[in-house]
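Colleague: Once you've had a glance at the structure underneath, I'll fire off some questions.
The values are calculated or read from the model by the stated rules, or taken from the named source; none is laboratory data. The model shown is predicted, which means the values in this text are computed figures rather than measured ones. For neighbour counting, all protein chains shown are included, and Cβ atoms are generated from backbone atoms with ideal geometry for every residue, glycine included.
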Amino acid sequence: MGLGDIEYGDVIAATEEFRRLGRDNFLQTYGFGRATSYELVLDGFRYDSKAIAGVAHGHATGDFLSPGDFSGGAATVARRLRDLGFVVEAGETPWNRAALLGRLRKLKVSRGPGAPGPSRHQPLSLLWAISREAGERPRMTPWSEFRDEVGPLLREFGLPNAKATPAYPFWHLCGSGLWEVEGIPVDLAKEMPKVSILDAHRPRAGFTEEAAGLLRDPVTRLDAIAAICETYLQDVDRQALLERTGLAGYTTAGSLMSPLEHESTGAGVDEHGRATGPAPRRDATRSVIVRDEAVARRVKELEGHQCQICGTALRYLNRPYSEAAHIRGLGKPHHGPDELQNLLCLCANCHVLFDGLEIYIDADGLVRETRGNREPRPLRRDPRHPMDEAHVGYHRDLCNINAGKPAAG
């Protein structure tokens with residue numbers, strides 16, 4: 001028996017098992033290490049060639065090969081896989097943003113009979129997991145926590161009449177190459193475990209370390225949210241969805257207000273609804289972002305305290321009044337830089353509209369309404385005022401996500 005016994009269908013069966021178990025579980029189950037020489041590339045996913053060949057041999061003959069059974073080395077494995085029509089590439093391609101987004105757009109989501117579209121279980125679960133990365137929470141989540149938080153989310157935003165089954169995405173997201181499950185014994189990991197097994201063994205799941213590392217970058221994280229929403233959740237109320245999945249920070253270009261900023265003061269009133277005394281006070285301690293006032297003054301001076309969007313020049317207490325607006329917000333989850341290239345000089349009205357994602361700057365430098373159809377107007381800008389198009393594009397994608405439009409680029 002040798003590699004000649006392997007046929008095309010055996011390799012496909014091995015790759016399906018690889019994706020079902022996840023890379024680490026698959027390699028551990030069959031005693032292989034990660035590929036260092038050759039990888040099989042199929043449908044945008046990469047597989048360890050020796051491990052795939054060893055398991056494919058088991059599907060073909062019942063004899064699963066171990067790493068020591070490959071006397072001809074990795075090159076022989078690569079040659080056999082290529083002879084069967086597969087693409088095999090040398091070396092391990094490092095993870096990057098494009099690979100992450102590509103996998104997000106190619107989830108193997110199911111489509112039930114009579115369903116109006118593909119299942120939303122995996123996309124919704126991934127948005128929930130991205131919110132954990134944005135909130136700097138642990139990468140791996142216990143099954144019980146996943147079940148209790150994702151289950152209601154699936155009921156609220158899943159397809160009409162679809163059954164909410166959090167166990168399905170908890171396990172099957174491993175097939176995306178972005179997700180892993182740990183804590184299930186190998187002998188029970190050949191197929192999706194029953195809920196009773198999940199409850200008994202209390203496994204944990206979450207993004208792989210490679211995917212989580214990429215998602216820690218705010219720009220990549222926004223791109224990932226956009227890819228999921230545009231590919232699988234086009235007919236969903238985006239703002240309600242983002243708020244419900246813990247991504248409310250992406251419904252505004254600024255920072256979310258702390259609870260102290262929008263809680264009721266509890267002031268007393270009489271029978272006519274009038275205050276019975278001065279507004280109450282309370283002591284509070286909170287962390288605030290320290291802005292560079294010199295940079296804010298600089299953008300106002302360059303633009304002559306005139307709004308770059310509507311041209312309004314306000315005065316307050318007999319002095320010019322304008323506001324320095326960050327294009328990509330400083331606080332969570334955007335983490336934009338406090339620099340001149342990330343600032344606009346706006347009036348108070350346009351500042352509110354810009355932070356509220358009601359207006360944006362298109363690729364041609366025109367200010368457009370996110371939802372309306374008013375005639376676009378050019379953004380005023382002093383030649384000495386530099387602006388980073390990456391920040392402008394980030395804000396534009398925020399607007400597009402919330403308005404349900406495809407993100408630019």
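Colleague: Could you look through segment 287-311, keep only residues that are in a loop (DSSP other than H, G, I, E, B) and surrounded by fewer than 15 Cβ atoms within 10 Å (Cβ to Cβ), and pick out the one that is farthest from the chain's Cα centre (by Cα)?
Modeller: Among those that are in a loop (DSSP other than H, G, I, E, B) and surrounded by fewer than 15 Cβ atoms within 10 Å (Cβ to Cβ), it is GLY304.
Colleague: Within the group ASP83, ASP5, which residue is in contact with a helix residue (DSSP H, G or I) (Cβ under 8 Å, 6 or more places away or on another chain) and modelled with pLDDT of 80 or more?
Modeller: So the residue among ASP83, ASP5 that is in contact with a helix residue (DSSP H, G or I) (Cβ under 8 Å, 6 or more places away or on another chain) and modelled with pLDDT of 80 or more is ASP5.
Colleague: Answer yes or no: is there a residue in segment 14-29 that is in contact with a Lys or Arg (Cβ under 8 Å, 6 or more places away or on another chain), in the same structural domain as PHE86 (by TED's automatic domain parsing) and assigned to a loop (DSSP other than H, G, I, E, B).
Modeller: no
Colleague: If you don't mind, there's one more thing I want to ask. Restricting to segment 40-91, name every residue that is among the hydroxyl-bearing types (Ser, Thr, Tyr), out of contact with any strand residue (DSSP E or B) (no Cβ under 6 Å at 6 or more places or on another chain) and within 22 Å of ASP24 (Cα to Cα).
Modeller: SER66
Colleague: Which residue out of SER131, SER110, SER125 is modelled with pLDDT under 90 and either touching a helix residue (DSSP H, G or I) at 6+ places or on another chain (Cβ under 9 Å) or among the hydroxyl-bearing types (Ser, Thr, Tyr) (or both)?
Modeller: Only one candidate qualifies: SER110.
Colleague: If you don't mind, another one. Could you list all residues from segment 140-174 that are modelled with pLDDT under 90 and in contact with a strand residue (DSSP E or B) (Cβ under 9 Å, 6 or more places away or on another chain)?
Modeller: CYS174
Colleague: Return yes or no: is LEU344 surrounded by 22 or more Cβ atoms within 10 Å (Cβ to Cβ) and over 26 Å from the mean Cα position of the chain (by Cα)?
Modeller: Spelling it out, LEU344 is indeed surrounded by 22 or more Cβ atoms within 10 Å (Cβ to Cβ) and over 26 Å from the mean Cα position of the chain (by Cα).
Colleague: Does ASP382 meet the test of being part of a loop (DSSP other than H, G, I, E, B), touching a helix residue (DSSP H, G or I) at 6+ places or on another chain (Cβ under 6 Å), farther than 30 Å from LEU127 by Cα and of a type in the set (Asp, Glu)?
Modeller: Yes: the conditions hold for ASP382.
Colleague: Still on this structure, please answer the following. Any idea how many residues of segment 140-181 are free of Cβ contacts under 8 Å to residues at least 60 places away in the same chain and either touching a Lys or Arg at 6+ places or on another chain (Cβ under 9 Å) or over 21 Å from ASP24 (Cα atoms) (or both)?
Modeller: Matching residues across segment 140-181 total 23.
Colleague: Taking segment 366-388 as the search range and keeping residues that are loosely packed, with under 15 Cβ neighbours inside 10 Å and without any contact (Cβ under 8 Å) to a residue 24 or more places away in the chain, which one is nearest to ARG297 (Cα to Cα)?
Modeller: PRO383
Colleague: Still on this structure, I have one more. Can you spot a residue in segment 104-125 that is outside any loop (DSSP other than H, G, I, E, B), out of contact with any strand residue (DSSP E or B) (no Cβ under 8 Å at 6 or more places or on another chain) and within 17 Å of ARG216 (Cβ to Cβ)?
Modeller: yes
Colleague: Go through ASP43, ASP69 for me and flag whichever is surrounded by fewer than 19 Cβ atoms within 10 Å (Cβ to Cβ) and either touching a Lys or Arg at 6+ places or on another chain (Cβ under 9 Å) or at positive phi (or both).
Modeller: Answer to the selection: ASP43.
Colleague: Can I ask one more? Since ILE197 meets every condition but one in (1) crowded, with 19+ Cβ neighbours inside 10 Å; (2) modelled with pLDDT of 90 or more; (3) out of contact with any Lys or Arg (no Cβ under 9 Å at 6 or more places or on another chain), which condition does it not meet?
Modeller: That leaves (1) as the condition not met.
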